[in-house]
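I have a structure I would like to understand better, so I am pasting it below and will then ask my questions one at a time.
Each reported figure results from applying straightforward, stated rules to the coordinates on display, with no laboratory input. Computed from a predicted model, the values in this text were never measured in an experiment. Cβ placement follows ideal geometry from the backbone for every residue including glycine, while neighbour counts extend to all protein chains displayed.
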Amino acid sequence: MEREEALELLHANLASDNLRKHCYATEAVMRRLARELGEDEELWGMAGLLHDLDLELTDNDMSRHGDVAARMLEERGASPEMVEAVRMHNAEGLELGERASTLQHALAAGETVTGLIVAAALVRPDRKIAGVKVSSLRKRMKEKAFARGARREVIMECELAGLELDRFLALALEAMQDIADHLGL
């Protein structure tokens, strides 16, 4: 799937500007992770961009979220690996199972860490991602409710994808700093 087609699909199905920005952030993070791990940057980026494609269509119904997007992507000929990663991106390691791909673990962690980074950026007086540090992200991860919908266990999927937590957080921060202006942060 080409990026232009993916963007059209995203814009046709997500009206919320904040959700779109989250998808752009996840795309940037996933591309950076793919480069770091020697994986297919295009595949990982598209999985990141389209992971929440169905969120508004399913009215945030987590029992359907992922499945609807996966069917949409299958109909458009997306790779089975991308389809399965999008279907399972809200699952934790135990739910993903032993046969989960590196992409599945990375997408679970990558899309969750974007929320953590945005939450950390918003508490800064200058509201800039550039002011967020790895140490502040680690500290926020220890808080009981550090970011709405973001769970520490899911972020720790980075280790199952082959990255230690601090390296993963640093890469995610770098990726989001690259598009901070586009995100308004």
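Suppose every K and R has +1 on its Cβ and every D and E has -1 on its Cβ; what is the size of the dipole of the stretch 3-183 about the Cα centre, in Debye to the nearest 20?
Working: 24 positive and 34 negative charges, 222 e Å.
Charge dipole, the stretch 3-183, about its Cα centre: 1060 debye, nearest 20.
Apply the Karplus curve 6.51 cos²θ - 1.76 cosθ + 1.60, θ = phi - 60°, to the phi angles in the stretch 72-77 and return the couplings in whole Hz, x for Gly and Pro.
Result, rounded to whole Hz: 4, 5, 4, 4, 9, x.
Tell me the mean residue ellipticity at 222 nm calculated for the chain from its helices only (DSSP H runs of n ≥ 4, each -39500 (n - 2.57), averaged over every residue, nearest 500). List each step's numbers first, then the result.
Values: 12 runs with 120 residues, N = 185.
-19000 deg cm²/dmol, from helical runs alone.
Can you give the log10 of the normalised intensity I(q)/I(0) at q = 0.16, 0.18 Å⁻¹, computed with Debye over equal Cα scatterers of the stretch 1-76?
Listed by q, the Debye log ratios stand at -0.55, -0.69.
Here is a follow-up. Provide, as a two-decimal number, the C-alpha radius of gyration of the chain over 2.2 N^0.38 Å, N being how many residues it has.
Compared with the compact-globule rule of thumb, the chain sits at 0.94.
Next question. Whole-Hz ³J(HN,Hα) for each residue in the stretch 37-50, computed from phi via Karplus 6.51 cos²θ - 1.76 cosθ + 1.60 with θ = phi - 60°, x for glycine and proline: what do you get?
Per-residue couplings from phi come out as 9, x, 9, 6, 4, 5, 4, 5, x, 5, 4, x, 5, 9 Hz.
Follow-up question, since we're still on this one. Arg152 to Asp40: extension gain in nm, 0.36 nm per residue of separation minus the Cα-Cα distance? Display every interim value, and only then the final one.
Numbers: separation 112, 0.36 × 112 = 40.32 nm, distance 2.60 nm.
Length difference between fully extended and current span is 37.7 nm.
Follow-up question, since we're still on this one. Could you give the nm distance between label points at Leu19 and Val134, where each point is 7 Å from its Cα heading toward the beta carbon?
Here the answer is 3.4 nm between the modelled labels.
Pairs of Cα atoms under 8 Å, at least six residues apart: use those to get the relative contact order of the stretch 3-183, whole percent.
On the way: 257 pairs, mean separation 41.3, N = 181.
Once normalised by length, the contact order is 23 percent.
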